[in-house]
Amino acid sequence: MTKPRLYSGMQPSAESLQIGNYIGALLNWKSLQQTHDAFFSIVDLHAITVAQEPAKLRENTRGTAAQYIAAGIDPSASTLYVQSHVAAHAQLAWVLNTITGFGEASRMTQFKDKTARHGADATTVGLFAYPTLMAADILLYQTSVVPVGEDQRQHVELTRDLALRFNSRFGDTFTIPEVAIVKETAKIYDLQNPTSKMSKSAESHAGVIWLLDEPGITRKKIMRAVTDADGGVVFDRENKPGVANLLTIYSVLASRTIESLETEYAGRGYGDLKKGLVEVVLGTFDPIRERVAELLGDPAELDRVLASNAAKASDVANETLATVYDRVGFLPRR
Ligand code: AMP
Ligand code: TRP
């Protein structure tokens with residue numbers, strides 16, 4: 001039996017992933033790659049929808065690939081590749097742009113948020129077209145499952161609408177993808193500001209745990225995490241968001257239930273809980289960090305892996321693109 005096709009992507013927008021990416025995306029992808037025919041792309045075409053420093057972008061693209069591999073994405077089982085290595089993404093995105101309503105694209109909340117944040121003057125056509133490029137990513141691979149965070153749900157819904165529209169106008173071409181929303185329990189909050197989501201783009205890094213941080217820094221950040229004056233190690237997201245967040249991270253990384261942690265730390269202070277958490281986080285990240293250093297120590301080998309996976313991805317993508325070009329009536333080049 002063939003495995004269902006799965007597609008997801010991540011932006012190479014920072015030097016290091018943060019623990020939210022690890023728990024919310026990577027751990028999930030790692031287990032999904034066993035039951036699915038998985039494609040994971042490092043979406044550099046998406047990254048340039050906000051200004052990037054060229055040398056940094058190149059470095060972050062390799063670094064992101066290394067972190068995914070080090071954290072358990074197996075590049076011989078999954079197709080892990082760089083989006084710009086497969087020309088068909090930009091080509092299909094163009095065709096999809098022509099069947100996307102201006103009003104429809106204007107309703108995308110991520111576009112509205114980013115425009116509000118960067119100012120209308122800094123907004124580009126590329127940022128506006130971000131969701132149709134994402135639709136192209138998904139549809140090129142005849143994807144059936146798209147695991148993403150809640151913030152990306154609307155983009156996957158647009159992808160479904162575009163696929164249905166194309167199919168009804170030009171004949172059956174695309175598989176209609178299903179969104180698979182990552183569980184809310186996998187959402188990690190900023191250690192200094194435990195009611196807002198931990199993010200690579202947070203203004204202050206004091207509450208962000210980076211995969212590649214030195215162990216001493218990780219320890220300090222966890223020991224200084226905001227808690228409350230109550231003192232009890234109890235999971236209560238409403239009233240004790242800081243402690244609830246620490247318990248979530250602990251429970252996921254140590255594969256233990258929240259209840260067993262509450263029991264273990266009952267009557268002990270937050271200091272003990274934090275010390276325990278430091279051990280668990282470093283126990284997870286130390287070997288990953290070492291593996292990342294090894295992978296980045298041999299960039300030629302890493303580039304070779306990415307190139308062979310891009311070749312695999314191109315074969316699948318070009319087949320879909322050829323059908324699309326034929327259906328819309330482009331004259332074949334002979
Ligand atoms: P981003 O860093 O926003 O490009 O996100 C990459 C992936 O990591 C997406 O699947 C997000 O849903 C996930 N992610 C990012 N931050 C968090 C977080 N704080 N908690 C859980 N998942 C996250
Ligand atoms: N926009 C997604 C994010 O910011 C990343 C992404 C690009 C993606 N293409 C995709 C996710 C295709 C799933 C499928 O998280």
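With a requirement of 1 or more residues that are hydroxyl-bearing (Ser, Thr, Tyr), surrounded by 18 or more Cβ atoms within 10 Å (Cβ to Cβ) and within 14 Å of ligand 2 (Cβ to nearest atom), the helices (runs of 4 or more DSSP H) lying completely within the stretch 7-84 that satisfy it span 54-70.
Being touching a strand residue (DSSP E or B) at 6+ places or on another chain (Cβ under 8 Å), under 17 Å from Val146 (Cβ atoms) and in contact (Cβ under 8 Å) with a residue 40 or more places away in the chain is true of Ala25.
Among the residues of the stretch 118-129, what is the count of those that are on the phi < 0 side of the Ramachandran plot and loosely packed, with under 11 Cβ neighbours inside 10 Å?
Quick first cut of the stretch 118-129, residues on the phi < 0 side of the Ramachandran plot only: 118, 120-129.
Adding the requirement that they be loosely packed, with under 11 Cβ neighbours inside 10 Å leaves 120-121, 125.
Residues flagged as on the phi < 0 side of the Ramachandran plot and loosely packed, with under 11 Cβ neighbours inside 10 Å within the stretch 118-129 amount to 3.
Among the residues of the stretch 228-279, those that are closer than 26 Å to Ala25 by Cβ and among the polar types (S, T, N, Q) comprise Asn245, Thr248, Ser251, Ser255, Thr257, Ser260.
Evaluation of Ser13 against the conditions (1) at pLDDT 95 or above; (2) within 10 Å of ligand 1 (Cβ to nearest atom) shows that the sole unmet condition is (1).
Of everything in the stretch 123-149, what is part of a loop (DSSP other than H, G, I, E, B) and over 15 Å from the mean Cα position of the chain (by Cα)? Give them in sequence order.
Keep residues of the stretch 123-149 that are part of a loop (DSSP other than H, G, I, E, B), which gives 123-124, 129, 141-144, 149.
Correct list: Thr123, Thr124, Ala129, Tyr141, Gln142, Thr143, Ser144.
Working carefully through the options Val280, Val324, find the one that is modelled with pLDDT of 95 or more, closer than 30 Å to Thr175 by Cα and of a type in the set (A, V, I, L, M). Of Val280, Val324, the one residue that is modelled with pLDDT of 95 or more, closer than 30 Å to Thr175 by Cα and of a type in the set (A, V, I, L, M) is Val324.
Only one of these is out of contact with any strand residue (DSSP E or B) (no Cβ under 7 Å at 6 or more places or on another chain), closer than 24 Å to Asp151 by Cβ and within 16 Å of ligand 2 (Cβ to nearest atom): Ala206, Ala202. Name it.
Ala202
Go through Ala87, Ala116, Ala135, Ala93 for me and flag whichever is farther than 19 Å from Thr323 by Cβ and not polar (S, T, N, Q). After applying the criteria, what remains is Ala116.
Go through the stretch 150-204 residue by residue and tally those that are among the β-branched types (Val, Ile, Thr) and out of contact with any helix residue (DSSP H, G or I) (no Cβ under 8 Å at 6 or more places or on another chain). Outline the logic, then answer.
Taking the stretch 150-204 first, the residues among the β-branched types (Val, Ile, Thr) are 156, 159, 173, 175-176, 179, 181-182, 185, 188, 195.
So of that shortlist, the ones also out of contact with any helix residue (DSSP H, G or I) (no Cβ under 8 Å at 6 or more places or on another chain) come out as none.
The qualifying residues number 0.
Picking from residues in the stretch 1-10 that are more than 17 Å from Ala65 (Cβ to Cβ) and at pLDDT below 95, the one that is nearest to ligand 1 (Cβ to nearest atom) is Thr2. The numbered conditions (1) within 23 Å of Ser13 (Cα to Cα); (2) surrounded by fewer than 21 Cβ atoms within 10 Å (Cβ to Cβ) are all true for Thr132 except (2).
The values are calculated or read from the model by the stated rules, or taken from the named source; none is laboratory data. All values derive from a computational prediction rather than experimental measurement. Backbone-built Cβ (ideal geometry, glycine too); neighbour counts: all protein chains shown.
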